[in-house]
1. Based solely on C-alpha atoms, express the radius of gyration and the Dmax of region 228-384 in angstrom.
2. For region 404-444, how big is Rg over Rh, using alpha carbon atoms and the Kirkwood form of Rh?
3. On the principal axes of its Cα set, how long, how wide and how thick is the chain? Give whole Å, largest value first.
4. Taking the 0 to 90 degree range and rounding to the nearest ten, how far is the long axis of helix 19-35 tilted relative to the main principal axis of the chain, both from C-alpha atoms?
5. All other residues with a Cβ under 11 Å from the Cβ of Thr358 taken together, and with Lys, Arg as +1 and Asp, Glu as -1, what is their net charge?
6. Just the ratio, please: alpha-carbon radius of gyration of region 296-422 over 2.2 N^0.38 Å, N its number of residues.
7. Helix 324-334: angle to the longest alpha-carbon principal axis of the chain, degrees 0 to 90, nearest 10?
8. Would you grab the residues whose amide H sits under 5 Å from the one on Arg301? Only those 5+ places off in sequence or on another chain, please, with H modelled 1.01 Å from N.
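Nothing in this text is a laboratory measurement; each read-out follows from the coordinates by a stated rule. Every value quoted in this text rests on a predicted model; they were computed, and no experiment measured them. We place every Cβ from the backbone using ideal geometry, glycine too, and count neighbours over all the protein chains shown.
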Amino acid sequence: MTSSYSVFSQFPFYKSLSMKKLLFFISFIFISIALFPQQEPANSSRAKEKHYTVAGQRHGISYFPRKEFSTVQYKAGDSLLFDSYHSPEVIIFWLKKWAEQYPEITDLYEIGKSYEGRPIYQMTITNRKKGRETEKPAAFFEGNRHSGEITSAESVMWLIKYLLENYGRDSLITHIIDSKTIYVKPLNNPDGESMYLNTAQTNRSTVRPVDNDNDGLLDEDSPEDLDSNGVILNMRWRDAEKGNWIPDSLDPTGRIMKRVPAGKGIYRVASEGYDNDGDGRINEDGIGGLDLHRNYPENWRPDKEVTGRGWVQGGSGEYPLSEPETRAVVLFLLSHPNIYVVNSMDTSVPMHLRPPSTSASDERMYPEDLKWYKIFDEIGKKLTGYAKAGDVYKDYSEGAGNPLFGHGPDFGYWYYGAIWYGDELWNNGKNKDYNKDGDVDQYEVLRWDDEENDSLGFYKWKAVKHPYLGDVELGGYDPKFFMQNPPAKHLESWVKNEALFNMELIKHLPELTWEGTEVKKMKAYKADSIDYQVKVSYKNTGKLPTALSQAQLVKIVREDRVVLDFDTAGTGNVRFVKIIEDVKQAKPATRRNQFSDEEQSSRITTTSKNMPFTQGGAVSTAVFNIRLYGKTELSVKASVISTRGGILKDKEFFIR
């Protein structure tokens, strides 16, 4: 995260310029930009080896020195290991390789395109021989909505690898892939991750140009890598008048600092770079700035409103789903209402994070739905060791009640009626409370880095010349591979534990199995007809109910149904069937079967009954009262149809 500081008055460069010279200098810059446009396609052949280009029309530069990090794998190897991070190209390589290696249980496809036109790949994992993907309860997991939160993509990749390599070897995994559908998307935002892993730059989400500082200019003040080491560090300089930082006495090496009141310190601190737009702030308007996690339609707010009395949400986009990355998620989910559990992951709190985002959990959620969220909160904490789990509004803000609008988890529950988490992985290096005071301070972070991470997380301060500030020092924690994401040597435990929590979400999905059928003769009539009572029973052997109450409220799911298909020609000489209850009368079926289309309407009759949602472990029974005319033998096939519980097909029995 970059910070803004009022340092314009400190720049001798600007002080020394007359107004005429300053205007000439500014004109020269804009003429240069016009003559040498930088809005060419991202990563074109122009200086591809030396520079990385970001697409879009902006007032600042769009190309940056290309950087490769030692902890990132840029070319796929023979195996996928999680002792390093993986570039988008390597991730896509493995998705394609797995699709070729496991063709019967995977399907890889392009779900959309990013702002820069990159394909957004998604994979479906299920055994198609055991039923269509949409006929099974489903889960959806995605990573890398935020550009630099790359740990989340690695967790999705770990989960995919775990599922595929254990299919046919582990009975539980085999059963899951046979009976469930898992949709996985490691890279929600390939543009952002690509820039993050190929330059020193960082940003929130999409690289679409945005005016972050409301000065009418787009992306005009990105950080500069002053020492060309590929990392944007903290920058400190001495200022006796306004200094508000001093070395922390806890650290005898003088590496870490603490804030004090302005004028009481030695240094001022900003992120590494210049004040490119002369507004007195450094790096306040870098590449992009929209937040894909504020662009969902549920409870969306604009970033400006005209009264000055309403709520706004920074980074929310021009309108709900304005961004192709978010739009691809929502349209896919709405067209796949069989998806019941979701985790769209970020970094770095850490926390199992869920709805609501604008109110306390108890105020608006159905108690029976909230119960399940609280169950998953506790399961998650036990698996991952995260200290926190709960809602965005209260628990995330330590009880302060800070709302977030257009937030994914709120869309997931209020709009989509699902279990939806937006989990935060990693902990900014706060791994050990050495003095047991309940808080991990910066010295304890530094100590852990020294003892457990070979001191790789902190860059020692070094002197450089700044063109405006003069003598400055650069140093501090590694912003990418220590603060925002775990060091590579500690990566796997974090991505594995989060993936195992996602496995628990999958294991809790509903699963329907047949319990049995019962046919009872109730009454015979002289006019060659007999009344029967038919009971069809099925069980939800999963743990979640076949739908949450919120899903029914917003009508994202239909009521569960039991359907009977009568073969009026296959057995005996039944002239016709009559349903003798206050439900839908028997009608010709529209579903295909083994007969030709010409024969179907006369030979098959169908009736159905709506059913309450079935709780986990419970048995539901549908009761039909049927009158047969003609010979008293009839072949029947029963099916159970549930939006999120899946489909049970063709339980055959006879009425005789």
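1. Values for region 228-384 (Cα only, Rg and Dmax): 22.1, 63 Å.
2. Answer for region 404-444: 1.28.
3. Projected onto the principal axes, the Cα atoms of the chain cover 112, 59, 58 Å.
4. In the chain, helix 19-35 runs at an angle near 40 degrees to the longest axis.
5. Local net charge: -1.
6. For region 296-422, the normalised Cα radius of gyration is 1.07.
7. 20 degrees
8. Counting only residues 5 or more places away or on other chains, the set is Gly406.
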